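A short write-up of the structure that comes next.
The values are calculated or read from the model by the stated rules, or taken from the named source; none is laboratory data. Values in this document were obtained by computation on a predicted structure and should not be read as measured data. Here the Cβ is made from the backbone with ideal geometry for all residues, glycine too, and neighbour counts use every protein chain on show. Just so you know, the surface numbers come from the protein's heavy atoms only, side chains and all, with ligands and any DNA or RNA stripped out. Shrake-Rupley method; radii C 1.70, N 1.55, O 1.52, S 1.80 Å.
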Amino acid sequence: MKAYIMNEKRELVVAERPEPAEKKDNIIAKICSASICGTDMRTFLKGNQKIDPPRIMGHEFAGKILYVGEELKKYGFEKGDRVTIAPAIGCGECYYCKNGHTNMCDSLETIGFQYDGVFTSLIEIPAKAVKNGNLIHLPDEISYDDATLIEPAACAYNGQAYLNIHEGDTVVIYGSGMIGCIHAELAFAKGAAQVFVVEPVEKRGKIALEKVPGVQWINPLTQNTVEVVREKTGGRGADVVITATSVPSVHTEAQIIAAKCGRISLFGGLPVDGKGYLDSNAIHYKELQIFGVHATTAAYMKVIMDMMLHHKLDAKKYIEKIVTLDNVEEGFVSIRDENTMKVVIHP
């Protein structure tokens, strides 16, 4: 079968890979739709030493089950079921897994990193993913394309779980890509009074204004972010700051624009050494709360799925381009060169 892989030379190429074999302890699903996420994009641009090659890339997908191994039939999955997956798979036995933080498992293994991913036509779902609840039934009301956005939206939900956004809050989000916009939508849903996106790319700033009613756009190339936030908050600063971008300097600026007792989510991982961007005295004297976040859980994916079902979140409006495996690199290039919000792959 055709697949987009990282080969032994750590090059990203379209290549032929063997189809997964039916086993008594696996599930095989047809990939109906997959999507390119920020991690995939960083791998395309800079490589990724966390991936074990040769490896099929990608982890956001929705599809249909073609085969269920005998040992896994008791978990409630059948041939023909529509499914998606929480790609970060914990061991199921450690302290973090047993306390609901499966994404923090010390033995975490991830689709597209330690297991073959979804930029292909068929995927083998490992037994561990089924037994630990990572495989999720997908309602008929959610299309395959829409369903590929459940996992990234759930990553945003995981990040906000720590932030206690509530009625009247001012929220500032650095970055207005698909994830930044989802953060804005979730903040409004929790009652935020003002939500700003800080975005230097004009196209993305304008898309945020179009896609997220009520959001305000700060262009740091033409405006002083610190001054705008102070003006809009009567000098107090933002209650919540989310760094939905991989720019190190925003970690520092987030502490400047945060109000006293403000909450900061360092959502975007950095492609460089992450040391040296936090001000311990600012954290101390302003009583700032700073949170990290990594991946998400099946439980949060189900929350997002429920929001989609009840029309509280419309993620599909961020899909701007659809490609196949034959022209998959066009999708990456369009994100790089045209700031395309979300690219979906139809294998």
message: Checking the structure you have, find out if any residue of segment 303-313 is at positive phi, in contact with a strand residue (DSSP E or B) (Cβ under 9 Å, 6 or more places away or on another chain) and assigned to a loop (DSSP other than H, G, I, E, B).
response: no
message: When you check ASN164 against the structure, is it in contact (Cβ under 8 Å) with a residue 60 or more places away in the chain, surrounded by fewer than 24 Cβ atoms within 10 Å (Cβ to Cβ) and outside any helix (DSSP H, G or I), yes or no?
response: yes
message: Here is a check on your reading of the model: is THR252 of a type in the set (Ser, Thr, Tyr) and either open to solvent by 70 Å² or more (accessible area, probe 1.4 Å) or over 16 Å from ALA192 (Cα atoms) (or both)?
response: yes
The listed residue being over 22 Å from HIS294 (Cα atoms), open to solvent by 20 Å² or more (accessible area, probe 1.4 Å), out of contact with any Gly (no Cβ under 7 Å at 6 or more places or on another chain) and modelled with pLDDT under 95, out of LYS203, LYS211: LYS203
message: Considering only segment 317-339, I want to know if a residue exists there that is open to solvent by less than 50 Å² (accessible area, probe 1.4 Å), modelled with pLDDT of 95 or more and touching a Leu at 6+ places or on another chain (Cβ under 6 Å).
response: no
task: Quick one: count up the residues across segment 105-156 that are among the polar types (S, T, N, Q) and either in a strand (DSSP E or B) or buried (at least 21 other Cβ atoms within 10 Å of the Cβ) (or both).
output: 4
- prompt: Could you give every pair whose Cβ atoms fall below 8 Å, whose first residue belongs to segment 89-112 and is at negative phi and in contact (Cβ under 8 Å) with a residue 40 or more places away in the chain, and whose second residue is among the aliphatic types (A, V, I, L, M) and open to solvent by 70 Å² or more (accessible area, probe 1.4 Å), counting only separations of at least 6 or pairs across chains?
  reply: GLY90/MET104
- prompt: Is it true that GLU19 is charged (D, E, K, R), outside any strand (DSSP E or B) and in contact with a strand residue (DSSP E or B) (Cβ under 7 Å, 6 or more places away or on another chain)?
  reply: yes
task: With the condition kept exactly as written, say whether any residue in segment 25-47 is assigned to a loop (DSSP other than H, G, I, E, B), at negative phi and over 20 Å from the mean Cα position of the chain (by Cα).
output: yes
- prompt: Taking segment 146-167 as the search range and keeping residues that are farther than 26 Å from PHE61 by Cα and not β-branched (Val, Ile, Thr), which one is farthest from the chain's Cα centre (by Cα)?
  reply: GLU167
message: Suppose the filter is open to solvent by less than 60 Å² (accessible area, probe 1.4 Å), touching a Lys or Arg at 6+ places or on another chain (Cβ under 7 Å) and at pLDDT 95 or above; does TYR67 pass it?
response: yes
- request: Give just the number: which of (1) in contact (Cβ under 8 Å) with a residue 60 or more places away in the chain; (2) not in a strand (DSSP E or B) does VAL344 not satisfy?
  value: (2)
